[in-house]
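Here the structure comes first, spelled out in structure tokens, and everything after it is commentary.
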Amino acid sequence: MNKILLIIQREYFSRVKKKSFLVMTFLVPVLFIGMFALIGYLVAKQNELGDKKKVEVVDESGVFLNKMKSGGTIEYSYAKDNYAAAKSAFAKSGYDYLLYVPASITGVQLFSEKKASALTIQNIESALSDIAQSQRLLTAGIDTAVLAKAQKPISIEARQITEAGEKDAQTNISTAIGFISAMLIYMSLFLYGAQVMRGVIEEKVSRVVEIIISSVKPFQLMMGKIIGIGMVGLTQFVLWIVLSIILSTAAETLFMKNAMHAKTEQITQMQNAASPHGAVAVNQATDSGMGKLMQSVESIPVAYTIGCFLFYFLFGYLLYSAIFAAVGSAVDNETETQQFMLPITLPLVFTFVISMNFVINNPDSSLSVWLSMIPFTAPIAMMIRIPFGVPAWQLALSMLLMILGFLFTIWVAARIYRVGILMYGKKASYKELAKWFMYKE
């Protein structure tokens, strides 16, 4: 055990002391929060930041004349000439697009020198459809205002009935937590598992392993390397969580301050307009929106979610790293690992894809339950399900199977590792790995 601890210490401190580890540990939370903030800003300001597209409209039907309103990134103008003249002069007209609407309103065409984006086409189609629909309704003698009121969508507030009473189901928050947790585990299993495999290959190629094996058993070396690198990953994740909470709290405080400032300005404007009821409405709406957001965040069982995440990250990593270590011991360079990588990574890729499309929408289905029980797929599938609520017996059984799966996998990997780590110049195959597994001590 002392020898394993020495190997763990060497693997851990040799990586933690690297500048790259420190830079990535402190930089990743900042980059992630900055990235999402930038995405939110760009989405909110897309109409202001996007280029204005000038569209010249030739309407032979007369249905759309002066009815298409400019807005967002599209500015409409109506041609004074006929279609033929407008088309011939389009190249020098300064417009980005020429929209031609025939008298029959069928076969509408959009001309441009450069390819039109899908969003631009969709926006123009939507504007045409709304106007055409209103015109058809008026022709049929149907009041569009009454129809619009009848077609008003109904919003649903999801409520969850618990022993403590009713509460908001927080579906969007649960979905976001499940997605982020599964994504982090998916990426970390590849990242840290590959580090284990790369470390084994480097020691094998440099023949350093021959010196180490003279003092420790192959199993001790493999376990020390796996646990040491796993502790590096856990350290990094804990630091990421702490830093993310600190940065998120700071960002939330700043957001609240800006929101209160904006709310004060709105109330002042409403009061200046001699509308006290409007000011009260703005106040109530802002308080309601911010209150719901804060309530959603506070309702998350942080300790429970983080505890489950750390467990599935740790045992998922241990399970897959044992396989990566066995593969690293069987080859002489990273190029030769490709033949073994597909069977290893296929369960992860399959689970991640199916979780993002099926499990996240059907967390209690039979397929979702089975995926969260199988050790090779449980780390991702279970983290998708946990925010939606998992029965205690399913969580306990899944964790037990994860531990048993790790013990079985480490036993199989160790039998391959003890032989492969000293094999040189021989290209390993699945048949060869089976022989190594069957060798007696």
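Please verify whether region 369-377 includes one or more residues that are part of a helix (DSSP H, G or I) and in contact (Cβ under 8 Å) with a residue 24 or more places away in the chain.
yes
Of all residues in region 311-330 being surrounded by fewer than 24 Cβ atoms within 10 Å (Cβ to Cβ) and under 12 Å from Ile227 (Cα atoms), which is modelled with the highest pLDDT?
Taking the candidates together, the pick is Phe315.
For Ser129, indicate whether it is within 12 Å of Val63 (Cβ to Cβ), in the same structural domain as Gly62 (by TED's automatic domain parsing) and modelled with pLDDT of 85 or more.
For Ser129, the condition - within 12 Å of Val63 (Cβ to Cβ), in the same structural domain as Gly62 (by TED's automatic domain parsing) and modelled with pLDDT of 85 or more - is met.
Being at pLDDT 85 or above and of a type outside the set (S, T, N, Q): is that true of Leu49 here?
When the stated conditions are applied, Leu49 does not pass them.
Looking only at region 200-232, how many residues end up being part of a helix (DSSP H, G or I), small (Gly, Ala, Ser) and modelled with pLDDT under 80?
Qualifying residue count, region 200-232: 0.
Can you give me the number of residues within region 409-434 that are exposed (fewer than 13 other Cβ atoms within 10 Å of the Cβ) and either of a type in the set (D, E, K, R) or assigned to a helix (DSSP H, G or I) (or both)?
6
Is there a residue in region 39-54 that is out of contact with any strand residue (DSSP E or B) (no Cβ under 7 Å at 6 or more places or on another chain), closer than 24 Å to Leu221 by Cβ and part of a helix (DSSP H, G or I)?
No, region 39-54 contains no residue that is out of contact with any strand residue (DSSP E or B) (no Cβ under 7 Å at 6 or more places or on another chain), closer than 24 Å to Leu221 by Cβ and part of a helix (DSSP H, G or I).
Ser93 versus (1) within 41 Å of the chain's Cα centre (by Cα); (2) farther than 18 Å from Asn66 by Cα: which is the lone unmet condition?
The failed condition is (1).
If you go through region 55-72, how many residues are surrounded by 14 or more Cβ atoms within 10 Å (Cβ to Cβ) and in a strand (DSSP E or B)?
Final tally of qualifying residues: 5.
For Thr337, work out the one condition from (1) under 22 Å from Ala176 (Cα atoms); (2) assigned to a helix (DSSP H, G or I); (3) not hydrophobic (A, V, I, L, M, F, W, C) it doesn't fulfil.
(1)
So, Phe26, is that one assigned to a helix (DSSP H, G or I), of a type outside the set (A, V, I, L, M) and open to solvent by 40 Å² or more (accessible area, probe 1.4 Å) or not?
Yes.
Assess whether Phe340 counts as being modelled with pLDDT of 85 or more, among the aromatic types (Phe, Trp, Tyr), farther than 30 Å from Ala303 by Cβ and over 23 Å from the mean Cα position of the chain (by Cα).
When the stated conditions are applied, Phe340 does not pass them.
I'm trying to understand the selection: among the residues of region 109-119, which are part of a loop (DSSP other than H, G, I, E, B) and either within 15 Å of Tyr78 (Cα to Cα) or charged (D, E, K, R) (or both)?
The answer is Glu113, Lys114, Lys115.
The values are calculated or read from the model by the stated rules, or taken from the named source; none is laboratory data. Owing to the predicted nature of the structure, the values given are computational and were not obtained by experimental measurement. As a convention, Cβ positions derive from the backbone with ideal geometry for all residues, glycine included, and neighbour counts pool all protein chains shown. Only protein heavy atoms, including side chains, enter the accessible area calculation; ligands, DNA and RNA are left aside. Shrake-Rupley method; radii C 1.70, N 1.55, O 1.52, S 1.80 Å.
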